[in-house]
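J.: If you scroll down you'll find the structure; I have some questions about it.
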Amino acid sequence: MHQHQEERAEKAIAMGLGGGVAVIVGGFVLAALGLLLGAIATVLGIMAILGGIAWVSFSLYQGIQKNNTAFDGPAQVYEDVKILSRSAYDGSARLLIEEWEMEEPDTRFYVKIELARENRIEFECARETYFYCGEGSRGDATTQGKWLSQYVATMGPGARAIRER
């Protein structure tokens, strides 16, 4: 998993959605001009609208598939990673600051990790894993897709604090 691959995939989906919407708008304009220019422009406008709808539908499908398979894949262990930041959000996507706010069952936890130089990825994790990830700490991380299933902090030479989910 690499940060640049994630960014490229997200940009491709966004560009597909934007391109599809632009083609739909162009199709409506062409269809409206068809009233002035004739039947061919109207037919081309309708074809552009249908093509744009197909384009947007395909992009939405890709985004949904990417989201549904976010936690799929083999477990991978990354050694000597650095915890860059962590954040928690409630069901309304509101950033939670205080620990007492994180007690709600719909709270989602995220940890941004530097897996290697210039490779920073944000993972979702369980509450227990979240609290074991101290910002700035180093250790070993076990991931599966975009899920951080375990973080083992390096406590000193050869000593590790183990916490599994």
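J.: For segment 5-105, which trypsin sites (Lys or Arg not before Pro) are both in a DSSP coil and crowded by at most 12 other Cβ atoms within 10 Å?
T.: Taking segment 5-105 and a limit of 12 other Cβ atoms within 10 Å, the loop trypsin sites (Lys or Arg not before Pro) found are R94.
J.: Counting heavy atoms of the protein chains only and a 1.4 Å probe, report the per residue accessible area for the chain as a whole number of Å².
T.: It amounts to 63 Å² per residue over the chain.
J.: For the chain, what Kirkwood radius comes out of the mean inverse Cα-Cα distance, in Å?
T.: 18.9 Å
J.: Please report the antiparallel percentage of the DSSP beta bridges confined to the chain, to the nearest 5. All intermediate terms of the calculation are to be shown ahead of the outcome.
T.: Values: 32 of 34 bridges.
Expressed as a percentage, antiparallel bridges in the chain total about 95.
J.: Additional query: Provide the gained length on full extension for the span I64 to E101, in nm with one decimal, where the gain is 0.36 nm per separating residue minus the Cα-Cα distance.
T.: 10.4 nm
J.: Quick one: how many lysine pairs does the chain have with C-alpha atoms less than 17 Å apart and a gap of 8 or more or different chains? Give me the count, please. Please list the in-between numbers first.
T.: Details: K11/K66; K66/K146; K82/K112; K82/K146; K112/K146.
Eligible lysine pairs with Cα atoms under 17 Å apart amount to 5.
J.: Relative contact order of the chain, please, whole-number percent, based on alpha carbon pairs below 8 angstrom and at least 6 residues apart.
T.: 19 percent
J.: In debye, nearest 20: dipole of the chain around its Cα centre with unit charges on the Cβ of K, R (+) and D, E (-)?
T.: Magnitude of the dipole: close to 520 debye.
J.: OK, next. What number, in percent, do you get for the relative contact order of segment 1-79 if the mean sequence gap of Cα pairs under 8 Å and at least 6 apart is divided by its residue count?
T.: Relative contact order for segment 1-79 comes out at 32 percent.
J.: Something else: Report, in degrees rounded to the nearest 10, the 0 to 90 angle that the Cα long axis of helix 39-68 makes with the longest principal axis of the chain.
T.: 10 degrees
J.: Angle, helix 3-37 long axis vs. longest principal axis of the chain, Cα atoms, 0 to 90°, nearest 10?
T.: Its long axis makes an angle of about 20 degrees.
The values are calculated or read from the model by the stated rules, or taken from the named source; none is laboratory data. Since the structure is predicted, the reported quantities are computational estimates derived from the model, not experimental observations. Counting neighbours? That spans all protein chains shown, and the Cβs are built from the backbone with ideal geometry, glycine included. Protein only, heavy atoms only, side chains kept; ligands, DNA and RNA dropped before computing areas. Shrake-Rupley method; radii C 1.70, N 1.55, O 1.52, S 1.80 Å.
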